[in-house]
DNA sequence: TTTTAATTTTAGATTTGTCTAAATTTATTT
DNA sequence: AAATAAATTTAGACAAATCTAAAATTAAAA
């Protein structure tokens, strides 16, 4: 049940890429870990042997249930430590990432859970990211900007951050307004622009500038109990 | 200025043995680290290359100024984390050693110093050991081991030298913990065991082995300010 | 002072995680 | 569909930290 720091880093990175991009590739993982694709392949084999990963060579890979659990625990630790550093040790929210990268590998479960209690069972870390509870349950972030949204995830527009007339006009023109259901079809890394699809409409392209100001939340008609 | 966890562990162990035994041998170091003499020799060579150690093969070795500084920093971190765990996270004083063994290798100096401030610049850790300040200064403790204590002198337990779980459990069982007031009632020269009396308790017998590891200081009612 | 014993070191192997360069497989173009 | 490009994997190497077994050195005993 205890994995090396490097393994934990790989699991965590895979988890995050899985969330953001839906699918993870060897190259993307290598880039995200600032390592080389060959090294990633080596590690994938080890993670597969430990049944943390479902992996077929040349085909692709994803976390197993075990792997996801391990990844979420690392994220939990990272975010709790970040919050501790900011809230208790008066670090700035932009200074804590590096340190938390080390602290997240301290193994004691008891420690994490007590830290959680010490901080008052917080829901989010200093960057607004949700902190998984001791069972690994995530309350997904309620609102994110469009620019941080993973591909192909249907969401509902829940807010517009900067409401200049020009911006609202542009959105209006593209049939995007509060409550609009949409999803991202493609991301263009060149300028970080997005191809966005609104139901019953042809896809439109949105600049990174605009995307940053459109806030969205999960489209969950189920949870709207009444 | 940053050393591997293993190197830090070696430096720390050398420092402690230097204090206790004056001189350190390859075998003693190996025993203390639960590793093999050959492995120690390998490490000594590396530490010498980094000028953390003065070392001549077959002759002996000791920490350089650099090496001592590094060792003291690790000890500082260890003891601050132990105190944090006990004081803030409500761990028992006998549960924190293992966890602190991991935490002591977190590198950020800023972190240590802020932790120090957060804890109110404490002088001693939960076992009564002095915490070096940010300059690495130590205030040596004025204490002796129980085995060197004269008969019928009331003292207070101020530290436990060797903190194995087994040993702490034994002490716990005999109601001896940090701060406990006790005195020696009888010494048995046959095996150097001692009969010890704790207030409000029947006397118990303590082996020489254990007595060597229990540190006591004069009972100072002065510190009970009122 | 030899001989024996204990300590320490070397030699060579192993594990983990990483790398480069070359080969293989899959994807994309023409 | 053949050719080219991109992605992925293998092969072989290396550094760190450890080990076992054997050799070298120092210490202790006869």
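Computed from the coordinates by the stated procedures, all read-outs in this text should not be read as laboratory data. It should be emphasised that the depicted structure is a prediction, and the values quoted were computed from it without experimental measurement. Cβ coordinates were reconstructed from backbone atoms using ideal geometry, including for glycine residues, and neighbour counts include every protein chain displayed.
Things worth noting here:
- Cα Rg, Dmax, chain A, angstrom units: 19.4, 56
- By the count of neighbouring beta-carbon atoms within 10 Å, fewest first, A:209, B:79 end up ordered A:209, B:79.
- Burial order of peptide ranges A:179-186, B:149-156 (average beta-carbon count within 10 Å, highest first): A:179-186, B:149-156
- Residue B:90/residue B:191 FRET efficiency (R0 51 Å; Cβ-Cβ; nearest 0.05): 0.85
- Every Cα-Cα pair of the protein assembly as shown was included, and the share exceeding 32 Å stands at 55 percent.
- Shielding by partners, peptide B:6-12 (average Cβ within 10 angstrom, other chains): 0
- Per-pair calculated FRET efficiency, R0 = 25 Å: residue A:25 and residue A:154 via Cβ, rounded to 0.05: 0.60
- Between this copy and the others, label points of residue B:18 are 4.8 nm apart in ascending order, each placed 7 angstrom from Cα in the Cβ direction.
- Translational D in µm²/s for region B:144-223 (Stokes-Einstein at 37 °C, 0.692 mPa s, Kirkwood Rh from C-alpha pairs): 264
- Fewest-first ranking of A:6, B:4, using other Cβ atoms within 10 Å as the exposure measure: B:4, A:6
- Principal-axis analysis of the Cα atoms of chain B puts helix B:5-21 at an angle of about 50° to the longest axis.
- Crossing angle, helix A:109-118 versus chain A [Cα axis fit, 0-90 degrees, rounded to tens]: 50
- Contact order for chain B, expressed relative to its length and based on alpha carbon pairs under 8 Å spaced 6+ residues apart, stands at 14 percent.
- Computed from Cα positions, the angle between helix A:37-49 and the longest principal axis of chain A comes to roughly 60 degrees.
- Pairwise label distance in nanometres, residue A:178 with residue B:181, each label 7 Å out on the Cα-Cβ vector: 7.0
- Angstrom value of the Kirkwood radius, inverse mean 1/r, which spans all Cα pairs in region A:1-62: 11.5
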